[in-house]
Amino acid sequence: MITAGGYGIELSFSNYADSFLIPVNPDTIEIKESGDGKSYTVAGLGEINVIKAPKLTEISFSGIFPAYRYPFVIVKEDERLEPQHYLEKIRQWRERKRPIRFHAVSSTYVIDMPMSIERFEWKEEAGSPGDIQYQLSLKKYAFYAAKKVTIVPKVDSTGTSSEQEDSVQLQSDEPPRPDEREVPDTYVLRKGEGLWSAAQRVWGDGSRYPEIQEYNGIPDADLRRLPIGLVLKIPGGEADA
């Protein structure tokens, strides 16, 4: 996770159940925010422009997944993954057909939005064996859900149904944001994490950590000395479904 005052890009999946920091900050990040206006020619006025809702934001950048600890690598050595592991994560997230979260922080802006992986290309150059060069293109993901439709029958002055057509009313309340979280079978503790952090990342609610504690049979005396890399079984994960 990007620390306060830090600079970098973090990609995550299923509400931070899985995530990683981009190990080398890209030279440039291209952000495309286009409108969807239409131009028409009107007699006597000439060309006019009709403003419509903006298109979805597109973000693209390129960089490397390093095989070695270069001076320009910004992640700690114990947090740096092997290049093929970055590739596997992005492939797996894309195959799930669910949005990822793009979180970028710099001295001038903060971007935090759900996005879909539109294009992912990579290659290995002969001059830098082991390093993976990549290009990643993302598009903002807009959550959506069907609205309820209420049929309101028309009645006449006597209170009986009218022969006129019934009216259709759309429910005005905004639909709740769909849960983008998938409950994993297991969670691996990282440096500085405990059961509260695991519950927060898995369910978005750290107060549910006693469920993980009971499910894994962890005594209270061990809560403050859980080892890094401990594999926790998650109740309600895909294996339990």
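Rule-based calculations on the coordinates, nothing more; no lab input. These numbers come from a predicted model, not from an experiment. Cβ placement follows ideal geometry from the backbone for every residue including glycine, while neighbour counts extend to all protein chains displayed.
Note that the range 124-131 has calculated 3J(HN,Hα) couplings of 10, 7, 5, x, 9, x, x, 6 Hz, one per residue in order, obtained from phi through the Karplus relation 6.51 cos²θ - 1.76 cosθ + 1.60 (θ = phi - 60°); glycine and proline are x.
With a Förster radius of 30 Å applied to the C-beta separation of D112 and F72, the computed FRET efficiency comes to 0.75. Each part reduced to its alpha carbon centroid, the range 185-233 and the range 37-110 end up 31 Å apart. Each peptide in 223-233, 182-192 receives the mean, over its residues, of other Cβ atoms within 10 Å, and ordering these scores from highest gives 182-192, 223-233.
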